[in-house]
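Derivation of every value follows stated rules applied to the coordinates shown; laboratory data play no part. All values derive from a computational prediction rather than experimental measurement. All Cβ positions, glycine included, derive from the backbone under ideal geometry; neighbour counts span all protein chains shown.
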Amino acid sequence: MARLQLPTDKDELTDAIERELQPGETEMNVHLVTWKIIDAYLAGVRKFKVMDRWSGHVSIAWENSKGEIDMRFEEIVRQFLTECGRYMKMDISPTAEKKGESLDSLRKASIANAALASLFARIPREKFKRRVIIPFLKYGTVGISHYETGDPDMPDMIEVVPARELRGFPAYVDGIGNLMGIARVRWVPMDWAIDRMKAVHDVKLKEDPWTRLRAETVPWGATPPGQQSYDRISPHGYDPGSAGQVRREDLLGTQYDDKKSSSKKDGRAYVRLEEIYVYDDSQEFVSRWIVKIGDVILVDEDFEKKGIKAVCPLHVARHTDIGRMFARGFVHPLIPFNDQCEKMFQSLFKNIRELDTFGTLFIPGASGIDLKRWRTGIRPKVEKFDPDPLNPGGQPFTLGPHNTGTMPAKIAEIALAQMQRLANQGPYYQGETSGRVDSAAGLGFLFNTGNIALGLPTHGMADALAGAYSRMLQVAKDRLGPGDTIELATIDAAVAGVIIDPTTGLMKLSDNPIPNPWEVDVNVKDRTPRDRSVRKEELKELFGMQLVDPTRFWIAALEENLDFPGANKEIWETWRKVIWQIIVLFRDGKTPGPLVVGEHTQNPQIQLMAVQQFMNKIEFALAAEPVRRRFEEWKMMLETLTGVFPVGLGPPEEIAAQAMGAEQRPGIEGAGVPPGVAPGMMT
C-alpha cells in the first residue's frame with residue numbers, strides 16, 4: 001500500500017495537515033447530517049429541513065404548523081432496542097491465543113491473557129460495551145481508542161470516539177484499504193490540554209492561547225464547538241448559528257482575559273486538538289504520530305526511523321462497509337420503511353375519523369321522528385330530507401365518506417414485514433416461531449440462522465476492539481518494569497504457563513515478561529452474539545442423552561454462567577481450586593512448583609478430571625521431565641483417593657476372586673478362563 005509522506009519542517013507540516021483535514025471535514029459533514037437525522041428520528045422528530053450537507057447543518061421541529069404532534073409509528077425504536085440486546089450478549093473481554101504449538105507460545109499467550117485480564121478488569125465492562133454498541137448501530141461508524149491517562153492508579157483507558165471526530169487520509173478514498181492514515185479532531189478545554197500534554201507527553205504549552213493555539217471563548221452554559229447535537233434554536237425549529245450568540249456581550253470574558261476591565265470574567269477557553277496517525281504498509285502499525293493544536297506541532301514521532309513497531313491506538317469499527325471512511329449503520333436503512341408505515345397508519349386513523357365526522361344519517365321528514373333527540377353535539381349527524389313525491393315510501397339511509405378504508409393497514413402490514421426482513425429480526429426475536437421448537441438443535445438453528453447477517457458487523461467491531469487491546473498490551477510492556485507485579489483477574493486454564501507466587505497470587509514481571517502483541521493472537525471472547533438460553537437447552541439435551549455426566553454438566557453451566565437454579569457451587573469452587581493448583585505446579589513448564597495436598601483432596605474425582613484434561617495437552621508433553629513427573633504423582637494420588645487403580649491392576653475384589661478360583665481349580669490354571677465366568681458357561 002502507498003505511504004503518506006508528510007513534510008518534516010514544522011511550518012510546512014502544519015500547512016499540509018490543514019489541507020489534508022479540510023476535505024476530510026467536508027466528508028464527515030455529509031454523514032453528520034444523516035447522523036443528526038437518525039438521532040432526531042429516534043427521538044420522535046419528523047420535521048426535517050436539510051440546510052447544508054457540506055457544512056452539516058440540519059433544521060428540525062417536533063410539531064407541525066398548527067403546533068400539533070402528528071401520529072408516530074415507533075417500530076424502528078423497538079427494532080433498534082432488539083438489535084442492541086443482541087449485541088449486548090457478546091462478551092468483548094480480551095483474549096490472547098498462542099501462535100504455535102510450543103511451550104514458549106503457551107507461555108507468551110498465558111502471560112498476555114493474565115496481563116490483559118488484569119488491565120481490562122479496571123474498565124467498567126458493561127458500560128463500555130454499551131457505549132460502543134449504541135453509536136455503532138446508529139451511525140455505523142465508531143472509533144475505539146486506547147489512551148494513556150498519566151494517572152498511576154488508572155494508567156490507561158479505552159475510549160469510545162464519536163464518528164464526528166474521525167477523519168481519513170486521504171478523504172473520499174475508494175475502499176478503506178486505500179486509507180493512508182487516520183486522525184482524530186476535537187475541541188477540548190485549554191486547561192485539560194495543558195495537563196494532558198504535561199502528564200503524558202512531558203510537553204509544556206507556552207504559546208499564547210489566542211494567537212498560535214487559536215483558542216476560542218466558550219461561555220459557561222454554552223456548547224463547545226463541534227459538539228452541538230443540532231443547530232441553534234429558533235421559532236421555526238433549528239437554524240445554524242453559534243451557541244455562544246445566546247449570551248450577553250458583557251459576559252464573554254474568560255479566565256485567560258488579562259485585560260483589566262470591569263466586565264465579569266466568565267467561560268473558558270477551548271482549543272482544537274488534532275491527533276494524526278500515519279499508517280505503515282500493514283495499516284496496523286503507526287509509522288508517524290503527530291499531535292497538533294492550532295498552529296503548533298506538539299508531538300512528532302517517526303517510529304519507522306527509530307525502528308519501533310507501534311500499534312495504532314485508534315481503530316475504527318464499521319457496521320455495513322460501503323468502501324468509504326464512514327459506513328452505514330443499522331438504523332439508517334429502516335427509516336424509509338418506518339416512515340411509509342407511519343403514513344399508512346396516519347391515513348388509516350384519518351379514515352376512521354372521517355367516518356365518524358362525515359358519516360350522516362338522513363331520515364324522511366314525514367317519519368315523525370324528532371331530530372333534536374338525535375343531535376347531541378354541535379355537529380349534526382342526522383338530517384331530514386323530503387322524499388320524492390313519486391316515491392312517498394322513502395326509507396332512512398346513510399351517506400358515508402369515500403376513502404381507502406382498511407387498505408392502508410394492509411399496505412402497512414406488508415411494509416412492516418419488509419422492515420423486519422431488512423432488520424434481520426424474524427418472529428424468533430419477538431418470542432414467536434412459526435411452529436413448535438421441541439429441541440435445542442432447532443432452537444440453536446433458529447438463533448444461528450438469524451445471526452448469519454451479523455458476521456460482517458460483529459467482526460468489524462471485534463477487529464477494532466482487538467486492535468485497542470493490542471495497543472493496551474504493548475503499552476503495558478513498555479510501561480511496566482521487571483519489578484512490577486500483576487494481580488490475576490481470572491483463574492482458568494488460559495493462564496496456565498505463568499509463574500505466580502502461591503502465597504500472594506501475584507505475577508512478577510521479572511519471571512513473566514509481557515510479550516509483544518504481534519507474538520500472540522489478541523482477540524475478543526465472542527465475535528458473534530451467544531444466547532445463554534440456547535446454550536442451556538443444548539446442555540440439557542446432552543445431559544438427557546447421557547453424553548454429559550452430572551459433574552461435567554454443572555462445571556459447563558457455571559463456567560459459561562448459564563444461571564441454572566440450584567447450581568452446585570461446591571463443584572465449581574473445587575474446579576477453580578484445582579485449576580489454581582495446576583497453574584502453580586506447572587509454572588513455566590521447566591521447573592515444577594509446590595503441590596499443596598490437603599484441601600485439594602476434597603472431591604478427588606473432580607480434581608482428577610481437570611488434571612487428566614491438562615495432561616492431554618501437547619504443551620504438557622513438551623514440558624520438562626520433573627514437571628511431568630510431579631503431575632503423574634499427583635494423578636496417581638488422586639486415582640488412589642477415587643478408587644481408580646493403575647492400568648493392568650484390577651479391583652481388589654476381582655483379584656481375590658481370581659486367586660480363590662485358582663486355588664479351588666488348579667487343573668484349569670492358565671487355561672484362559674476369564675475371571676467371574678464358570679468353565680461350563682463359556683461359548
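What is the extension gain from Lys99 to Met660, computed as 0.36 nm multiplied by their sequence separation minus the C-alpha to C-alpha distance, in nm to one decimal? Please list the in-between numbers first.
Values: separation 561, 0.36 × 561 = 201.96 nm, distance 5.75 nm.
Contour length minus the Cα-Cα distance gives 196.2 nm.
Please state, to two decimals, what the Cα-based radius of gyration of the stretch 18-63 comes to when divided by 2.2 N^0.38 Å (N = residues).
Values: Rg = 12.2 Å, N = 46, 2.2 N^0.38 = 9.4 Å.
Taking N as the residue count of the stretch 18-63, the ratio is 1.29.
Restricting to DSSP loop positions (anything but H, G, I, E, B) with no more than 14 other Cβ atoms inside 10 Å of their own Cβ, which chymotrypsin sites (Phe, Trp or Tyr not before Pro) remain in the stretch 22-59? Provide the component values of the computation, followed by the final result.
On the way: sites: Trp35, Tyr41, Phe48, Trp54; in loops: Trp54.
Here the sparse-neighbourhood loop sites are Trp54.
So, R0 is 35 Å and r is the distance between the beta-carbons of Val173 and Lys127; what FRET efficiency does that work out to, to 0.05?
Details: r = 33 Å, r/R0 = 0.95.
Using R0 = 35 Å, I get an efficiency of 0.55.
Could you calculate the FRET efficiency of Trp54 with Thr320 from 1/(1 + (r/R0)^6), where r is the beta carbon distance between them and R0 is 30 Å, rounded to 0.05? Don't skip to the answer; put the middle values down first.
Numbers: r = 23 Å, r/R0 = 0.78.
It comes out at approximately 0.80.
Just to be sure I understand the model, the point goes 7 Å from the Cα along the line to the Cβ. What's the resulting Thr591 to Lys198 distance in nm?
Using points 7 Å along Cα→Cβ, the separation is 4.6 nm.
Quick query: amide H of Asp588 versus all other amide H atoms, modeled in the peptide plane; which residues come in under 5 Å with a sequence gap of 5 or more or a different chain?
Result for Asp588 returns nothing.
Can you classify the stretch 110-213 as rounded, prolate or oblate using the Cα gyration tensor, where a ≥ b ≥ c are the square roots of its eigenvalues, rounded means a/c under 1.5, and otherwise it's prolate if a/b beats b/c and oblate if not? Could the numbers behind the result be given before it?
On the way: a/c = 1.84, a/b = 1.07, b/c = 1.72.
Judged from the Cα gyration tensor, the stretch 110-213 comes out oblate (a/c at least 1.5, b/c at or above a/b).
For Asp563 paired with Gln602, estimate the spin-label separation in nm (one decimal), with each label point 7 Å from Cα along the Cα-to-Cβ line.
Each label point lies 7 Å from its Cα, and together they span 2.7 nm.
Calculate, for Lys508 and Arg629, the FRET efficiency according to 1/(1 + (r/R0)^6) with r their C-beta to C-beta distance and R0 30 Å; round to the nearest 0.05. Don't jump to the answer; show the numbers that get you there.
Working: r = 25 Å, r/R0 = 0.85.
After rounding, the FRET efficiency stands at 0.75.
Of Lys204/Lys508; Lys99/Lys508; Lys381/Lys410, which ones are farther than 25 Å apart at the Cα?
Numbers: Lys204/Lys508 35 Å; Lys99/Lys508 23 Å; Lys381/Lys410 30 Å.
Table pairs above 25 Å Cα-Cα are Lys204/Lys508; Lys381/Lys410.
Among the lysines, which have Cα under 16 Å from the Cα of Lys89 when same-chain residues fewer than 8 positions away are ignored?
Leaving aside lysines fewer than 8 places away in the same chain, those within reach of Lys89 are Lys127, Lys129, Lys525, Lys536.
Give the long-range amide H neighbours of Asp156: residues separated by 5 or more places, or on another chain, with amide H under 5 Å away, using H modelled in the peptide plane at 1.01 Å from N.
Sorted by chain and number, the residues that satisfy this are Thr149.
How big is the gap, in Å, between the Cα center of the stretch 91-159 and the Cα center of the stretch 491-545?
Cα centroid to Cα centroid, the span is 13 Å.
Within straight cross-link reach of Lys47, meaning Cα distance under 16 Å, which lysines are found once same-chain residues fewer than 8 apart are removed?
Lys36, Lys66, Lys343
In nm, give the distance between the simple-model label positions of Glu573 and Thr8, each being 7 Å from the Cα along the Cα-to-Cβ direction.
Using points 7 Å along Cα→Cβ, the separation is 6.5 nm.
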